[in-house]
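Participant: One structure is given below, represented as structure tokens, and several questions about it will come after.
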Amino acid sequence: MLKLQQCDVYYGQIHALHGLSFEVAAGKIAAIIGSNGAGKTTTLRAISGLIPASSKSIMFEGEPIDRIKPEKIVKMGIAHVPQGRRIFPGLTVRENLNIATSSWKKRGMSIDKELDRVYTLFPKLQEREKQLGWSLSGGEQQMLAVGRALMSRPKLLLLDEPSLGLAPKVVEEMFETIQTINKEGTTVLLVEQNAFAALSIADYGYVLDLGEIVLRDTGASLMKNEMVQAAYLGE
Ligand SMILES: Nc1ncnc2c1ncn2[C@@H]1O[C@H](COP(=O)(O)OP(=O)(O)OP(=O)(O)O)[C@@H](O)[C@H]1O
Ligand SMILES: [Mg+2]
């Protein structure tokens, strides 16, 4: 579904991604793990068109998307849940969700089906429908960020550190829900510093270090890998 080939990204003089190549197969969960500053966020931002990659190197469903604007990429079926959630604090939960349908919704079309899906996955959001974004807990804000992304009807969901700042129990629930979203047919690319949580649910994983992929294997094999255990799993 998604293929990066020799993808380079620069911030001015800083060479953030070095010839990155990896794939995400349709229907799967892929994870990129790596420490602070490895280039995880940069990778997702390049895919969703928020920063330019320096070569024609990103393909989505067989089409190059390097030169395509972010709003068009959303229409093509890629939704990005940014690091730190970035929900709209002054809008209600329902308004945050409504906004994300603008990529496909035409006048008079119903959004009930999408809303039902989100409220079934995250019943808390329905309870808090009229509450303003800022008043939600961290876990609820993360639910809202994921829910908002789902409202755009994505084929591929990009998740940037969904575990960040959440209590272990909340992380566990979030990752179970990510698996449910995937089983319902949405392909997932997840980036995480929380290697254990990410690899536990990933079909396939990549280890990113200083803008380069240094290891690639199934999630289960990476979890058993000595280098991964020493560097990322605290063993
Ligand atoms: N806007 C920017 N301008 C200049 N350099 C940047 C910018 N954003 C990121 N970088 C640099 O690019 C590299 C990759 O950063 P990135 O944010 O992608 O890492 P990350 O893996 O997401 O880290 P974290 O786990 O802390 O979120 C780092 O060296 C970072 O300092
Ligand atoms: Mg990041």
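Participant: Treating the beta-carbon of each Lys and Arg as +1 and of each Asp and Glu as -1, no other charges, what is the dipole magnitude of the chain about its Cα centre, to the nearest 20 debye? The partial results should precede the final answer.
Facilitator: On the way: 27 positive and 26 negative charges, 211 e Å.
In total the dipole reaches around 1020 debye.
Participant: Does the range 44-203 come out rounded, prolate or oblate by the C-alpha gyration tensor, with a ≥ b ≥ c the root eigenvalues, rounded set by a/c under 1.5 and, if not, prolate when a/b is larger than b/c and oblate if not? Mind dumping the intermediate values first?
Facilitator: On the way: a/c = 1.66, a/b = 1.17, b/c = 1.42.
It comes out oblate by the Cα gyration axes.
Participant: While we're looking at this one, here's another question. Check which residues have an amide H placed less than 5 Å from Tyr206's amide H, if you skip close sequence neighbours.
Facilitator: Ala31, Ile32, Ile33
Participant: Same structure, new question: Measuring from label point to label point, each 7 Å out along Cα→Cβ, what is the Ala167 to Ala26 span in nm?
Facilitator: With each label placed 7 Å out from Cα toward Cβ, I get 4.1 nm.
Participant: So which chymotrypsin sites (Phe, Trp or Tyr not before Pro) in the range 47-140 end up in coil per DSSP with only 15 or fewer other C-beta atoms within 10 Å?
Facilitator: Within the range 47-140, the qualifying chymotrypsin sites (Phe, Trp or Tyr not before Pro) (loop, at most 15 other Cβ atoms within 10 Å) are Trp104.
Participant: Additional query: Between Glu114, Glu63, Glu161, find the one with the highest GNM mean-square fluctuation for the chain; connect C-alpha pairs within less than 10 Å.
Facilitator: Glu63
Participant: Which percentage, to the nearest 5, of the DSSP beta bridges contained in the chain is antiparallel?
Facilitator: So the antiparallel bridges amount to about 50 percent of the total.
Participant: Taking 22 Å as R0, compute the FRET efficiency from the Cβ-Cβ separation of Val214 and Gln13 and round it to 0.05. Let's see the in-between values first.
Facilitator: Working: r = 23 Å, r/R0 = 1.05.
According to the calculation, E is roughly 0.45.
Participant: Just to confirm a number: summing +1 for Lys and Arg and -1 for Asp and Glu over residues other than Ser137 whose beta-carbon lies under 10 angstrom from that of Ser137, what do you get?
Facilitator: Values: positive: Lys124, Arg128; negative: Glu140.
Combined, the nearby Lys, Arg, Asp and Glu give +1.
Participant: Can you give me the C-alpha center-to-center distance between the range 75-131 and the range 157-235, rounded to a whole angstrom?
Facilitator: With the range 75-131 and the range 157-235 each reduced to a Cα centre, they are spaced 24 Å.
Participant: Okay, moving on. Over the chain, what relative contact order in percent results from Cα pairs under 8 Å that are six or more residues apart?
Facilitator: Working: 445 pairs, mean separation 64.9, N = 235.
Relative contact order for the chain comes out at 28 percent.
Participant: Which order do Glu127, Glu226 take by accessible area at a 1.4 Å probe, largest first? Write down the numbers at each step before the final one.
Facilitator: Values: Glu127 130, Glu226 155 Å².
Output order, biggest surface exposure first: Glu226, Glu127.
Participant: Considering only Leu17, Leu121, Leu156, give the residue with the highest GNM mean-square fluctuation for the chain, with springs between Cα atoms whenever their separation is below 10 Å.
Facilitator: Ranking Leu17, Leu121, Leu156 by mean-square fluctuation puts Leu121 first.
Participant: For Ser135 paired with Ile99, estimate the spin-label separation in nm (one decimal), with each label point 7 Å from Cα along the Cα-to-Cβ line.
Facilitator: Calculated label separation equals 1.8 nm.
Participant: Using a Cα distance threshold of under 21 Å, what count of lysine pairs results for the range 11-94 when pairs must be 8 or more residues apart or interchain? Don't skip to the end; give the middle numbers.
Facilitator: Numbers: Lys28/Lys40; Lys28/Lys75; Lys40/Lys56; Lys40/Lys69; Lys56/Lys69; Lys56/Lys72; Lys56/Lys75.
Lysine pairs satisfying the spacing and distance rule in the range 11-94 number 7.
Participant: For Glu61, what charge total do you get from the other residues with a beta carbon under 13 Å from its beta carbon, if Lys and Arg give +1 and Asp and Glu give -1? It would help to have the intermediate numbers written out before the result.
Facilitator: Numbers: positive: Lys3, Lys75, Lys155; negative: Glu23, Glu63.
It works out to a net charge of +1.
Participant: Another one. Would you list the membrane-span-like helices of the chain, meaning whole DSSP H runs whose alpha-carbon atoms span at least 15 Å along their axis and whose mean Kyte-Doolittle value is at least -0.5?
Facilitator: On the way: long enough: 138-150 (18 Å, 0.08); 168-183 (23 Å, -0.39).
Those that pass (Cα extent of 15 Å or more, hydropathy at least -0.5) are 138-150, 168-183.
Participant: Among residues other than Leu20 whose Cβ falls under 13 Å from its Cβ, what is the net charge (Lys/Arg +1, Asp/Glu -1)? Before the final figure, lay out the partial values.
Facilitator: Details: positive: Lys3, Lys40, Arg45, Arg216; negative: Asp8, Glu23, Asp66, Asp209, Glu212.
Charge balance in the 13 Å sphere: -1.
Participant: So, one more: Tell me, what HN-Hα J-couplings in whole Hz come from the Karplus equation 6.51 cos²θ - 1.76 cosθ + 1.60 at θ = phi - 60° for each residue of the range 199-216, using x for Gly and Pro?
Facilitator: 5, 4, 10, 7, 5, 9, x, 10, 9, 9, 9, 6, x, 10, 7, 9, 8, 9
Participant: I want to verify a result. In a Gaussian network model of the chain, Cα cutoff 10 Å, which of these has the top mean-square fluctuation: Gln142, Gln13, Gln126?
Facilitator: Of Gln142, Gln13, Gln126, the Gaussian network model singles out Gln13 as fluctuating most.
Participant: Would you kindly state how much longer the chain becomes between Glu127 and Lys106 on full extension, computed as 0.36 nm times their sequence separation minus their alpha carbon distance, in nm to one decimal? Before the final figure, lay out the partial values.
Facilitator: Numbers: separation 21, 0.36 × 21 = 7.56 nm, distance 2.72 nm.
Working it through step by step, the gained length comes to 4.8 nm.
The values are calculated or read from the model by the stated rules, or taken from the named source; none is laboratory data. Since the model is a prediction, treat every value here as computed from it, not as a measurement. Neighbour counts run over all protein chains shown; Cβ positions are idealised from the backbone, glycine included. Heads up: the accessible areas ignore ligands, DNA and RNA and are worked out on the full protein's heavy atoms, side chains in. Shrake-Rupley method; radii C 1.70, N 1.55, O 1.52, S 1.80 Å.
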